[in-house]
Amino acid sequence: MASRAYVAGVGMIPFVKPGANAPYHVMGAEATKLALSDAGLDYSLIQQAYVGYVYGDSTCGQRALYPVGMTGIPVINVNNNCSTGSTALFLARQAIESGAADCVLALGFEQMKPGALGAVFTDRPSAFDEFDAAADKLVDAPGVPLALRYFGGAGLSHMKKYGTPLESFAKVRAKASRHAKNNPLALFRKELTTEDVMNDQVVWPGVMTRLMACAPTCGGAAAVLVSEKFASQHGLRKDVRIAAQAMTTDFASTFGAGDMMQVVGFDMTRTAANKVYEAAGIGPNDVDVVELHDCFAHNELITYEGLGLCPEGGAERFINDGDNTYGGKFVTNPSGGLLSKGHPLGATGLAQCYELTRQLRGTAAATQVDGARLGLQHNLGLGGACVVTLYERA
């Protein structure tokens, strides 16, 4: 019988603006040590490690872990764009559940540069060629950076389909700021009003202001997963476990539907979420707290629908009714999300794991969701993958 994967320890360092960070290997080692300390484990007991980052050379994972310990274990480097951290977690969970290992580290870190994301290797075809072509065809926004065109274009598609006002995206960003003011690890903790967001610098007229986009940041986060047998043998906590997890990549609809919402992964999200609900024997209404991929306020809004938190076309009402915050149906991104913490690509998925583990333990302090029993994580990487993970309080 497959073993369940328990989250024995988590660690996260504060995310900071590029230039204010320690080098990647220092951030990675620090996050690892925090997770080991939280678990009460020595590194010598780790049997495998999956290390995620996007901007780095081939074996940066080893460089980050060697200062923690050199024990000869397999170290596997992972790169899956913005879903890199949760992909490392996916592999670590598989190792536990398959019986290949009993104690596994998932680590993610990123050392980023200021400004819009860009290609590193310009002498070969880009992995985003088809995404760029789709955006060129579907979105008339010359001069707008590609990431903004992708997700702003998805928001624009939702606006055209359902009459969603720009103010709805501003309300999402304002909600993020209200949550982040209580999170000491959030980079941006100033509370904003909807009007503040609407009146900020316009980066795409009628579609997006600057505050609706997350910032590149640097940071690291880690989790130690163990089998139930290993946890019992070593006296480790077994209060949070992964109940279900699914990973999807793009479908034919990504480019075939002629819809920017599909280009940025709506079907990946919907399919992964439905697989998780089916595997766990629950529905979306059973979830208490959600950390989802809000790289742009637009993506948070369409993800409400992709995860089934509200009907398709129902996001505006969902937001207006307050069902995305404390006192509503679901508390989404109690941490403040990427909009308030920033988005160090390789670390984001494991930072979400850190947040939800604390929520289910009941140790999230001022951001705590009362009685949280089921936590849902959504981490999306354009052109890469979507990983949806359900955690339960055991």
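The values are calculated or read from the model by the stated rules, or taken from the named source; none is laboratory data. This one's a predicted model, so the numbers in the text were calculated from it and none came from an experiment. Every residue, glycine among them, receives a Cβ derived from its backbone with ideal geometry; neighbour counts consider all protein chains shown. Only protein heavy atoms, including side chains, enter the accessible area calculation; ligands, DNA and RNA are left aside. Shrake-Rupley method; radii C 1.70, N 1.55, O 1.52, S 1.80 Å.
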Of all residues in segment 347-394, how many are out of contact with any helix residue (DSSP H, G or I) (no Cβ under 6 Å at 6 or more places or on another chain), farther than 21 Å from L107 by Cβ and of a type in the set (K, R)? 1
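Go through segment 356-381 and give me each residue that's open to solvent by 10 Å² or more (accessible area, probe 1.4 Å) and part of a loop (DSSP other than H, G, I, E, B).
Of segment 356-381, the ones open to solvent by 10 Å² or more (accessible area, probe 1.4 Å) are 358, 361-363, 365-366, 368-371, 373.
Answer for segment 356-381, where residues must be open to solvent by 10 Å² or more (accessible area, probe 1.4 Å) and part of a loop (DSSP other than H, G, I, E, B): G362, T363, Q368, V369, D370, G371, R373.
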It is to be established whether one or more residues within segment 53-63 are within 25 Å of A231 (Cα to Cα) and in contact with a strand residue (DSSP E or B) (Cβ under 7 Å, 6 or more places away or on another chain). no
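Can you find a residue in segment 282-294 that is without any contact (Cβ under 8 Å) to a residue 12 or more places away in the chain, open to solvent by 30 Å² or more (accessible area, probe 1.4 Å) and either in contact with a Cys (Cβ under 8 Å, 6 or more places away or on another chain) or not in a helix (DSSP H, G or I) (or both)? Show your work before the answer.
Narrowing segment 282-294 to residues without any contact (Cβ under 8 Å) to a residue 12 or more places away in the chain: none.
No, segment 282-294 contains no residue that is without any contact (Cβ under 8 Å) to a residue 12 or more places away in the chain, open to solvent by 30 Å² or more (accessible area, probe 1.4 Å) and either in contact with a Cys (Cβ under 8 Å, 6 or more places away or on another chain) or not in a helix (DSSP H, G or I) (or both).
Can you work out which of the residues in segment 316-354 that are free of Cβ contacts under 8 Å to residues at least 24 places away in the same chain and at positive phi is surrounded by the fewest Cβ atoms within 10 Å (Cβ to Cβ)?
Within segment 316-354, the subset free of Cβ contacts under 8 Å to residues at least 24 places away in the same chain is 317-318, 321-323, 327-328.
Filter once more, keeping what is at positive phi: 322, 327.
Details: G322: 13, G327: 7.
Only one residue tops the list, namely G327.
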Within segment 330-350, how many residues are farther than 20 Å from V369 by Cβ and either over 11 Å from the mean Cα position of the chain (by Cα) or not in a helix (DSSP H, G or I) (or both)? 3
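Only strands (runs of 3 or more DSSP E) wholly contained in segment 192-278 count here; list those with 2 or more residues that are over 17 Å from H293 (Cα atoms) and within 22 Å of the chain's Cα centre (by Cα). Walk me through it before giving the result.
Details: elements: 202-204, 219-227, 240-248.
Result: 219-227, 240-248.
Return yes when G235 is surrounded by fewer than 22 Cβ atoms within 10 Å (Cβ to Cβ) and closer than 21 Å to G362 by Cβ and no when it is not. Give the steps one after another, and end with the answer.
On the way: surrounded by fewer than 22 Cβ atoms within 10 Å (Cβ to Cβ): yes; closer than 21 Å to G362 by Cβ: yes.
Considered against the rule, which asks whether it is surrounded by fewer than 22 Cβ atoms within 10 Å (Cβ to Cβ) and closer than 21 Å to G362 by Cβ, G235 comes out as yes.
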So, first residue under 26 Å from A394 (Cα atoms) in segment 240-264, second residue in a loop (DSSP other than H, G, I, E, B) and among the hydrophobic types (A, V, I, L, M, F, W, C), Cβ within less than 7 Å, six or more apart or across chains; the pairs are V240/A394; R241/A394
Could you list all residues from segment 149-167 that are part of a helix (DSSP H, G or I) and surrounded by fewer than 21 Cβ atoms within 10 Å (Cβ to Cβ)? M159, K160, K161, Y162, L166, E167
